[in-house]
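Since every read-out is calculated from the coordinates, none of them should be taken as a lab result. Predicted model, so just to flag it, every value in this text is computed and none were measured. Note that we place each Cβ from the backbone using ideal geometry, even for glycine, and neighbour counts take in every protein chain shown.
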Ligand SMILES: C[S@@+](CC[C@H](N)C(=O)[O-])C[C@H]1O[C@@H](n2cnc3c(N)ncnc32)[C@H](O)[C@@H]1O
């Protein structure tokens, strides 16, 4: 066991093995604790306690359970670091009747289960403890459950009657939380955490409407936050923007919303002015960038790793200027978008 400083936590925390790597960052843990504030909450796979200490700041009483005694000891010490004294720690298998019995007064069962280090396709049934087993083991305790699941999983692959909440931190997809029973507030949600603020977008239907698609970006383009994209809530985003927007599907992973007006939203990761489009030719891209006084280019299209620096150097050759352009490929052309 050691005590380390990490950007995940505001205080140096105790950790062992890969404990800190799998721990919930404090900013996410605080948001989730606010949402799950209750009388008695049990975190039944608490690890080094990153999430548990934040629950303890919001709830009257918290249980921290883990099958790994060393991690549980880290969690106990981290409770001291965070100055909370309302956590009862239990070492054991969360699925065993002995543990279930000890936490029978819990209003909410929360689990951030262990998952295999790598998996070709993320599955809910490779989680430990498994979600169906936890629902079954605690069915006489409560019907309010929340689980963390791999955020790479699309909403359609989660075969439970629950809310699927995708969360991003500073524009990066970070967590997926599933809320069951009375905790379920909708079918799908996207939460964007920016500094101390959070913004939430939701849909009450399992298959939300999409957005009209186009191959022609209008005057402005907006990169939607990855939590919104992953939750499949681009239609909801278009609705709240209250302005005509269309969708440019760049490739399987990337999409942009586009409009004739400059819009603003916490659900945008980047905003762009659409400058130009040129054939896929580095010299032509470079000439266009120079003409617009762009100083730096960010390549947002696929380039073979061994070609990357050659392409980048040819595109940025001789550029001077303060502004940055993002370059997207669409139908064999490079679209030059100036970052606003
Ligand atoms: C992803 S970590 C939890 C991290 C935690 N949220 C944090 O912030 O530190 C998953 C934990 O589940 C524990 N675990 C796996 N199976 C378990 C079981 N059957 N009962 C209790 N804990 C279990 C592992 O030991 C591991 O510490």
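Miscellaneous remarks
- With respect to the chain, whose longest principal axis is taken over its alpha-carbon atoms, helix 26-35 is tilted by about 70°.
- Our helix-only sum for the chain, with -39,500 (n - 2.57) per DSSP H run of n ≥ 4 divided by its residues, gives a mean residue ellipticity at 222 nm of -6500 deg cm²/dmol.
- Computed from the C-beta positions of residue 207 and residue 260, the FRET efficiency with R₀ = 35 Å rounds to 0.75.
- Cα shape, the stretch 220-339, gyration tensor, a/c 1.5 rule: prolate
- Rounded Å value of the spacing that divides the Cα centres of the stretch 102-153 and the stretch 23-82: 15 Å
- Cα-based shape type of the chain, given that a ≥ b ≥ c are square roots of the gyration tensor eigenvalues and the cut on a/c is 1.5: prolate
- Sorted ascending by nearby beta carbons within 10 Å, beginning with the fewest, 157, 76, 164 become 157, 76, 164.
- In degrees, nearest ten, helix 69-81 long axis to first principal axis of the chain (Cα): 80 degrees
- Take 54-66, 190-202, 102-114 and order them by the average number of nearby Cβ atoms within 10 Å per residue, most first; the result is 54-66, 102-114, 190-202.
- Nearest 10 degrees, 0 to 90: helix 282-291 Cα axis against the chain principal axis: 80 degrees
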